[in-house]
Amino acid sequence: MTADDRWILAIDLGNGGPKVGVVDARGEIREVSFRPVSVQIGLDGSATQDADEWWTALQEAAIEAMGAASTAPDGLAAIAITGQWGSTVPVDESGRPVGEVLLWADTRGGRYSREVIGGPFTVQGFAPDKVLRWVRRTGGAPTPSGADPTGHSLVLQRELADTYAQARYLLEPVDYLGMRFTGRAAATPASMILSWITDNRVGREPRYDLDLVRRARRDPGRLPPLLPTGSALGEVTREVAQALGIPAGVPVIAGIPDLHAAVIGSGAIEPYETHVSISTTAWIGARVPFKRTDVLHSIASVPGLDADHPIVANNHETGGAALRWLLEQVLPGSTYEDLVARAESAPPGCEGVIFTPWLNGERSPVEDKDLRASFVNVSLRTDQAALIRAVMEGVAFNARWLFDAYEKFLRRAVPSVRIIGGGAQSDLWCQMHAYALGRPVARPAQPRDAQLRGVAMWALVCLGELTLAEAGRRTPVTDVFTPEGPDAAVYAELYAEYRRLYGQLKGIHHRLNRRISLPGRTMT
């Protein structure tokens with residue numbers, strides 16, 4: 001068998017469901033299959049999914065992708081896993097779920113998390129004397145909103161005691177999938193980032209910090225054993241191999257967050273080379289040679305792909321999901337292609353209509369779960385095309401808001417960026433980002449599936465067949481969008497107004513979402 005015949009089964013467990021790709025050893029994505037999954041959003045702050053539904057959907061997608069690609073089973077080199085992070089899957093000894101997944105957006109644990117990280121005097125919910133201890137060792141700290149594994153664990157202990165009692169482990173999604181494939185419970189510093197209980201100082205051996213585990217009120221016995229990032233987790237079990245029609249004994253690489261896979265899949269692999277993602281959520285990331293934290297803007301360099309280069313982490317709670325919301329809730333019956341085509345017919349700047357894409361609050365560059373989305377300056381002239389374009393422009397302006405804080409965090413200017421994610425399939429959205437950021441925006445091939453390519457090439461790095469630099473070079477750039485053009489002045493003027501909106505609107509959002517009782521929901 002030649003190198004060209006070898007392939008990787010790459011899995012990206014997104015918020016909308018699992019994507020499974022067949023990626024050959026050269027980095028070419030030969031086939032992709034996707035299965036949607038449901039999500040339950042409650043007025044009490046709950047946001048949950050069903051991990052068994054994930055697993056069923058993943059198997060269906062994998063069988064479909066492998067069949068469409070006409071793969072030779074004996075060419076399968078590895079199974080590679082990436083996906084969402086900051087969610088919690090309670091499982092039993094065998095890795096089967098014993099309760100619902102608490103998603104990264106689940107805020108029920110906020111009042112308990114504030115006991116851990118808050119105090120009489122706080123800055124954005126953090127007590128300085130407490131947060132400094134966490135930041136020095138890990139680079140971050142549990143969020144006062146409760147939307148992370150610390151908050152989830154506390155909700156399970158305080159409100160979902162039956163589920164907690166049945167849970168042998170509380171796993172991140174990628175580690176849950178790894179256990180389903182291999183039967184082995186394990187995590188890595190990369191997968192455990194948002195728990196903030198690993199010693200993340202550069203040069204330290206991977207380990208849990210038991211003092212922080214205690215302060216987070218986590219049970220050490222329910223934490224999975226910790227492996228170095230880049231480890232082979234084990235071999236696929238015979239049962240799973242038979243279900244998928246693949247050979248038993250194929251190596252499974254320990255899972256990594258989609259942020260890490262995006263670094264490789266974007267091709268922006270050298271230190272400070274930056275990628276922007278427009279996925280369900282959105283972020284701006286790069287490998288950097290330092291450990292640093294900006295608590296006020298929720299930006300940190302976190303455990304990366306190697307020991308010497310952490311990755312800058314931050315997050316917009318709503319990226320491409322803003323367009324999905326418009327599609328599903330406002331303009332049902334359309335397609336994404338329809339929306340983008342209609343947006344192109346509206347004038348740049350939408351005659352001054354601005355959309356703030358804070359549909360689920362915000363995390364970076366401000367931690368504010370009470371923010372909500374708004375259309376500003378709508379008139380009788382505002383039509384559907386303008387509303388669609390305003391949503392897309394609002395996501396780009398929000399990226400610029402984060403980009404300004406990101407450059408200050410790096411302490412250097414970023415000359416250009418690469419753009420990935422489902423939103424990057426749109427020429428219009430890419431051009432909006434070039435105008436909004438004021439930087440050239442380079443789009444790699446198959447941007448929607450960048451994480452699939454990235455995690456597949458990561459598997460070959462872990463198997464010793466590629467270096468990180470070589471893996472990054474397997475992503476070609478197909479298009480470049482420049483910030484110079486007839487609409488640059490329009491976007492500069494509109495962004496200046498956009499930047500004022502947070503200060504002007506946050507008080508209204510806080511009052512509406514904290515102090516007003518609505519039918520079916522009591523806010524405190």
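The values are calculated or read from the model by the stated rules, or taken from the named source; none is laboratory data. No experiment lies behind these values; they were computed from the predicted model shown. Glycine also receives a Cβ, built like all others from the backbone with ideal geometry; neighbour counts cover every protein chain displayed.
Applying the selection to the stretch 156-189, what residues are of a type in the set (Asp, Glu) and either in contact with a Phe, Trp or Tyr (Cβ under 8 Å, 6 or more places away or on another chain) or assigned to a loop (DSSP other than H, G, I, E, B) (or both)?
The first filter runs over the stretch 156-189 and keeps only residues of a type in the set (Asp, Glu), leaving 159, 162, 172, 175.
Scanning the stretch 156-189 gives 159, 172.
Within the stretch 110-120, identify whether any single residue is surrounded by fewer than 24 Cβ atoms within 10 Å (Cβ to Cβ), touching a residue at least 40 places away in the same chain (Cβ under 8 Å), more than 20 Å from residue 192 (Cβ to Cβ) and out of contact with any Cys (no Cβ under 7 Å at 6 or more places or on another chain), and answer yes or no.
Taking every residue of the stretch 110-120 in turn, at least one turns out to be surrounded by fewer than 24 Cβ atoms within 10 Å (Cβ to Cβ), touching a residue at least 40 places away in the same chain (Cβ under 8 Å), more than 20 Å from residue 192 (Cβ to Cβ) and out of contact with any Cys (no Cβ under 7 Å at 6 or more places or on another chain).
Checking the conditions here, which among 63, 11 is closer than 22 Å to residue 320 by Cα and of a type outside the set (S, T, N, Q)? It would help to see each step written out before you state the result.
Numbers: 63 fails: closer than 22 Å to residue 320 by Cα.
Of 63, 11, the one residue that is closer than 22 Å to residue 320 by Cα and of a type outside the set (S, T, N, Q) is 11.
Looking at (1) within 24 Å of the chain's Cα centre (by Cα); (2) over 23 Å from residue 325 (Cβ atoms), which one does residue 392 not meet, given that it meets all the others?
Answer for residue 392: the failing condition is (2).
Quick check on my filter: what residues within the stretch 352-363 are in a loop (DSSP other than H, G, I, E, B), modelled with pLDDT of 95 or more and either among the acidic types (Asp, Glu) or within 16 Å of residue 320 (Cβ to Cβ) (or both)?
357, 358
For the list (1) touching a residue at least 40 places away in the same chain (Cβ under 8 Å); (2) over 19 Å from the mean Cα position of the chain (by Cα); (3) closer than 17 Å to residue 224 by Cα, I need the number of the one condition that residue 165 fails.
(1)
Taking residue 443 as the residue in question, decide whether it is in contact with a strand residue (DSSP E or B) (Cβ under 6 Å, 6 or more places away or on another chain), closer than 29 Å to residue 27 by Cα, of a type in the set (Lys, Arg) and at pLDDT 95 or above.
Working: in contact with a strand residue (DSSP E or B) (Cβ under 6 Å, 6 or more places away or on another chain): yes; closer than 29 Å to residue 27 by Cα: yes; of a type in the set (Lys, Arg): yes; at pLDDT 95 or above: yes.
When the stated conditions are applied, residue 443 passes them.
Can you tell me which residue within the stretch 282-293, out of those that are over 15 Å from residue 403 (Cα atoms) and not hydrophobic (A, V, I, L, M, F, W, C), is modelled with the highest pLDDT?
Here is the first cut: in the stretch 282-293, the residues over 15 Å from residue 403 (Cα atoms) are 287-293.
Restricting the remaining residues to those that are not hydrophobic (A, V, I, L, M, F, W, C) gives 287, 289, 291-293.
Details: 287: 98, 289: 95, 291: 92, 292: 93, 293: 93.
Among them, the one singled out is 287.
Can you name the residue in the stretch 306-358 that is aliphatic (A, V, I, L, M), in contact with a Gly (Cβ under 8 Å, 6 or more places away or on another chain) and under 21 Å from residue 382 (Cα atoms) and is also surrounded by the most Cβ atoms within 10 Å (Cβ to Cβ) among such residues? Spell out the reasoning first.
Of the residues in the stretch 306-358, the ones aliphatic (A, V, I, L, M) are 307, 311-313, 321-323, 326-327, 330-331, 339-341, 343, 346, 353-354.
Now narrow it down to the ones that are in contact with a Gly (Cβ under 8 Å, 6 or more places away or on another chain): 307, 311-313, 322-323, 354.
Right, trim to under 21 Å from residue 382 (Cα atoms) and you get 322-323, 354.
On the way: 322: 26, 323: 24, 354: 20.
Checked the stretch 306-358; the qualifying residue surrounded by the most Cβ atoms within 10 Å (Cβ to Cβ) is 322.
Among the listed residues 371, 380, 387, identify the single one that is out of contact with any Ser or Thr (no Cβ under 7 Å at 6 or more places or on another chain), closer than 25 Å to residue 338 by Cα and part of a loop (DSSP other than H, G, I, E, B). Walk me through how you get there before you give the answer.
Numbers: 371 fails: closer than 25 Å to residue 338 by Cα; 387 fails: part of a loop (DSSP other than H, G, I, E, B).
From the options 371, 380, 387, the qualifying one is 380.
Quick one: in the stretch 102-133, of everything that is over 23 Å from the mean Cα position of the chain (by Cα) and of a type in the set (Asp, Glu), which residue is modelled with the highest pLDDT?
115
When residue 99 is evaluated against the numbered criteria (1) within 22 Å of the chain's Cα centre (by Cα); (2) in a loop (DSSP other than H, G, I, E, B); (3) more than 30 Å from residue 453 (Cβ to Cβ), which criterion, by number, is the only one it fails?
Condition (1) is where residue 99 drops out.
Going by the conditions given, is residue 412 in a loop (DSSP other than H, G, I, E, B) and surrounded by 20 or more Cβ atoms within 10 Å (Cβ to Cβ)?
On the way: in a loop (DSSP other than H, G, I, E, B): yes; surrounded by 20 or more Cβ atoms within 10 Å (Cβ to Cβ): no.
Considered against the rule, which asks whether it is in a loop (DSSP other than H, G, I, E, B) and surrounded by 20 or more Cβ atoms within 10 Å (Cβ to Cβ), residue 412 comes out as no.
Have a look at 205, 172, 239 and point out the one that is at negative phi, surrounded by 21 or more Cβ atoms within 10 Å (Cβ to Cβ) and of a type in the set (Asp, Glu).
Numbers: 205 fails: surrounded by 21 or more Cβ atoms within 10 Å (Cβ to Cβ); 239 fails: surrounded by 21 or more Cβ atoms within 10 Å (Cβ to Cβ).
Residue meeting the stated conditions: 172.
The rows are residues; the columns are (1) under 28 Å from residue 431 (Cβ atoms); (2) assigned to a loop (DSSP other than H, G, I, E, B); (3) modelled with pLDDT of 95 or more.
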{"position": "204", "(1), (2), (3)": "no, yes, no"}
{"position": "229", "(1), (2), (3)": "no, yes, yes"}
{"position": "239", "(1), (2), (3)": "no, no, yes"}
{"position": "264", "(1), (2), (3)": "yes, no, yes"}
{"position": "269", "(1), (2), (3)": "yes, yes, yes"}
{"position": "277", "(1), (2), (3)": "yes, no, yes"}
{"position": "280", "(1), (2), (3)": "yes, yes, no"}
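Of the numbered conditions (1) in contact with an Asp or Glu (Cβ under 9 Å, 6 or more places away or on another chain); (2) surrounded by fewer than 20 Cβ atoms within 10 Å (Cβ to Cβ), residue 147 fails exactly one; give the number of that condition.
For residue 147, the failing item is (2).
Could you tell me which residue of the stretch 26-54 is nearest to the chain's Cα centre (by Cα), considering only residues that are of a type in the set (A, V, I, L, M, F, W, C) and surrounded by fewer than 17 Cβ atoms within 10 Å (Cβ to Cβ)? Show your work before the answer.
In the first step, residues of the stretch 26-54 are kept if they are of a type in the set (A, V, I, L, M, F, W, C); the result is 29, 32, 34, 37, 39, 41, 43, 47, 51, 54.
If we keep only those that are surrounded by fewer than 17 Cβ atoms within 10 Å (Cβ to Cβ) too, we end up with 39, 41, 43.
Numbers: 39: 16, 41: 18, 43: 23 Å.
Result: 39.
Taking the condition of being touching a residue at least 60 places away in the same chain (Cβ under 8 Å), part of a strand (DSSP E or B) and among the basic types (Lys, Arg), how many residues in the stretch 19-49 meet it?
Total satisfying the criteria: 1.
So is residue 180 of a type in the set (Lys, Arg), in contact with an Asp or Glu (Cβ under 7 Å, 6 or more places away or on another chain) and at pLDDT 95 or above or not? Even if it seems obvious, please write down each step before you answer.
Details: of a type in the set (Lys, Arg): yes; in contact with an Asp or Glu (Cβ under 7 Å, 6 or more places away or on another chain): no; at pLDDT 95 or above: yes.
Spelling it out, it is not the case that residue 180 is of a type in the set (Lys, Arg), in contact with an Asp or Glu (Cβ under 7 Å, 6 or more places away or on another chain) and at pLDDT 95 or above.
Could you give me the residue pairs with C-beta distances under 7 Å whose first residue belongs to the stretch 65-83 and is touching a residue at least 12 places away in the same chain (Cβ under 8 Å) and closer than 15 Å to residue 452 by Cα, whose second residue is part of a strand (DSSP E or B) and of a type in the set (Gly, Ala, Ser) wherever it lies, and which are 6+ apart or on separate chains?
65/21; 65/33; 80/10; 83/14
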